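The values are calculated or read from the model by the stated rules, or taken from the named source; none is laboratory data. Given the structure is predicted, the values throughout are model-derived calculations rather than measurements. Quick reminder, even Gly has a Cβ in these numbers, built from the backbone with ideal geometry, and neighbours come from all protein chains shown. Areas reflect the complete protein model, heavy atoms only, side chains present, ligands, DNA and RNA absent. Shrake-Rupley method; radii C 1.70, N 1.55, O 1.52, S 1.80 Å.
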Amino acid sequence: MMKPEISRRSALELIGGGVVTALLAGTFADVAKADAKMLAEAIKKAVGDGAMKEGKITLDLPEIAENGNTVPVGFSVESPMTEADYVKTVHLFAEKNPAADVASIHFTPASGVAKAALRIRMAGTQNVVAVAEMSDGTLYTAKKLVKVTIGGCGG
Amino acid sequence: MASKPRVRVPKKAKAGEIITIKSLISHKMETGQRKDKKSGEKIPRKIINKFVCTFNGKVVFSADWHPAVSANPYMSFSYKVMESGEFEFTWTDDDGKTVSKKAKIMVS
């Protein structure tokens, strides 16, 4: 009776392949972790470590950006924009850029609506994260994934 | 070096109307990440890091920009006009130099 044959070579290949895959997966996980850490630190630096709620922010970003050198970003935050209750600042972050900070936009009750637009650089496909700081200190967050065809940092 | 500041502000508006203001300035916004192709050395960072809009002398909108803001930075935002007056827009470079532009609005 014939046994299913596994040669020494194919066995080594199998093991070797497994090790390489595991190493690669480990490296990617580390990179992702480093990005998340950089993002968390940038957010902490900007607004402290208060609790963030999801919602109130609408991010207007393309699903696919052909050129990472100039990606249009628009956003609006729900708020009555009165002296007693308004959006103070909206911080924008990009977790996979060399530095996570993108811009901090400061509003006043005179803004009427908390709405703004600008153009940003993105190093690659990644989440754009917005954190809104209200006049009473509460924090809201939102994020959106943008696929970038050509990265826009360095080169 | 910042040059050619451009702003778009409506000339007239009704009291209480929320207008949209658009601004644009020519600037390389050197990130500090790029390398000189010949020498291989990093090109130092040089960006506009601050944009401020005042109305009749009072700050009504401002922004802090990091190197991730694109070259020739564009910014649009809103303002609720209550009275006639003058906007002043100021862009501040990393080296401290500023460029300003003014625009008037008539409120009926």
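Take the convex hull of the alpha carbons in the stretch A:36-148; its mean projected area over all directions comes to 6.3 nm². Taking a straight line from the alpha carbon of B:Lys12, these aspartates and glutamates sit under 18 Å away, with near neighbours fewer than eight places off in the same chain left out: B:Glu83, B:Glu86, B:Glu88. Ligands, DNA and RNA left out, the 1.4 Å accessible surface of chain B is 51% carbon and sulfur atoms. Give me the accessible area buried between chains B and A, both sides summed, with a 1.4 Å probe, in Å² rounded to the nearest 100. In total, this chain pair buries about 2200 Å². Pairs from the table (A:Lys88/B:Lys101; A:Lys33/B:Lys101; A:Lys144/B:Lys102) lying more than 32 angstrom apart at Cα are A:Lys33/B:Lys101; A:Lys144/B:Lys102. At a probe radius of 1.4 angstrom, the accessible area of the protein assembly as shown per residue rounds to 56 square angstrom. Overall, the stretch B:3-107 carries a charge dipole of about 400 debye about its Cα centre when +1 sits on the Cβ of Lys and Arg and -1 on the Cβ of Asp and Glu, all other atoms neutral.
Across the stretch B:3-107, the relative contact order, built from alpha-carbon pairs under 8 Å that are at least six residues apart, equals 34 percent. Phi angles of the stretch A:99-104 translate, via the Karplus equation with coefficients 6.51, -1.76, 1.60 and θ = phi - 60°, into HN-Hα couplings of 10, 6, 5, 10, 6, 10 Hz per residue; Gly and Pro are given as x. Using alpha carbon centroids, what distance separates the stretch A:76-155 and the stretch A:39-70, in Å? Computed from Cα coordinates, the inter-centre distance equals 5 Å.
The loop-placed GluC sites (Glu not before Pro) in the stretch B:1-66, going by DSSP, that have at most 12 neighbouring Cβ atoms within 10 Å of their Cβ come out as B:Glu41. According to the Cα-based calculation, Rg over Rh for chain B is 1.09, with Rh computed by the Kirkwood formula. Over the protein assembly as shown, DSSP H runs of length four or greater, each weighted -39,500 (n - 2.57), average out per residue to a 222 nm ellipticity of -5500 deg cm²/dmol.
The convex hull of the Cα atoms of the protein assembly as shown, projected and averaged over all directions, covers 20.4 nm². When the other protein chains are added to the chain by itself, burial of at least 40 square angstrom of heavy-atom accessible area (probe 1.4 Å, ligands and nucleic acids ignored) affects these residues of the stretch B:71-106: B:Tyr74, B:Met75, B:Ser78.
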